[in-house]
Amino acid sequence: MAAVSQARCPTCKEPVPAAPEERTAEFPFCSERCRLLDLHRWFAGDYRVPVKEAPAGAAEEEGEA
């Protein structure tokens with residue numbers, strides 16, 4: 001018997017079928033509502049990609065080169 005592949009919706013944590021033949025258009029979300037809530041969080045700035053700050057003197061050195 002094959003193992004049933006399940007994932008979790010990133011918004012509400014409900015189980016979502018992860019098998020390619022069972023996925024919906026909203027995957028990895030469980031519904032359009034959860035997909036749109038996640039998109040709104042990106043637009044609102046709730047999610048951010050971490051950026052490593054350059055040392056203070058690095059910008060000055062680049063301009064001199």
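All of the numbers you see were taken from the coordinates with simple rules; none came from a lab. These figures come from a predicted structure and were not determined experimentally. Here the Cβ positions follow ideal geometry from the backbone for every residue, glycine too, while neighbour counts run over all protein chains shown.
Values for this structure:
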{"read-out": "Sites residue 8 and residue 54 - FRET efficiency at Förster radius 30 Å, r taken between beta-carbons, to 0.05", "value": "0.25"}
{"read-out": "Cα-projected label distance for residue 47 with residue 21, points at 7 Å along beta-carbon direction, nm", "value": "3.0"}
